[in-house]
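One structure is given below, encoded as structure tokens.
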Amino acid sequence: MKSEKKAVALKYDGQHAPQVTARGEQDLALEIMQIAEAFSVPMFQQTDLAELLYQLELNDEIPEALYIAVAEIISFAYMIAGKSPEDSATSKTDA
């Protein structure tokens, strides 16, 4: 059986649990990855985690059981961008 390619995009604001902002399989998964690449959004491939995150609905916060796994990915994304979570918090302005 051919495995289906799935992609899940997360948003993390540094204040709340990460949220699912996009999810798709097959062609939509490829489109999500192409958009991420076009905007230099870090990507991480972890099939088991993607399967779990794919079960969530759009705008759902990730469940506490996945905090550590997702925190490692967010940490990796910050590291390759040369940033830290504090950079995001200090760059926000009150509107």
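Near the amide H of ASP60, within less than 5 Å, lie the amide hydrogens of VAL20, all on another chain or at least 5 residues away, with H placed in the peptide plane. Applying both filters, DSSP loop and at most 11 other Cβ atoms within 10 Å, to the GluC sites (Glu not before Pro) of the range 33-63 gives GLU57. Applied to the range 70-81, the Karplus parametrisation 6.51 cos²θ - 1.76 cosθ + 1.60 on θ = phi - 60° returns per-residue 3J(HN,Hα) values of 6, 4, 5, 5, 5, 4, 4, 4, 4, 4, 6, 8 Hz, with x for Gly and Pro.
As a proxy for reagent exposure, LEU52, LEU30, LEU10 were ordered by neighbouring Cβ count within 10 angstrom, fewest first; the result is LEU30, LEU52, LEU10. Charged neighbours of LYS6, selected by a Cβ distance under 12 Å, balance to -3 (K, R count +1; D, E count -1).
Inverting the pair-averaged 1/r between distinct Cα atoms of the range 6-91 gives 13.3 Å as its Kirkwood hydrodynamic radius. For LEU10, the residues 5 or more places off, or on other chains, whose built amide H falls under 5 Å of its own are THR21.
Along the Cα-to-Cβ line of MET79, 7 Å from the Cα, sits a label point; which residues in the range 19-61 have backbone N less than 16 Å from it? Backbone N within reach: 42-46.
Where a number appears in this text, it was derived from the coordinates with a stated rule and is not lab data. Computed from a predicted model, the values in this text were never measured in an experiment. Glycine also receives a Cβ, built like all others from the backbone with ideal geometry; neighbour counts cover every protein chain displayed.
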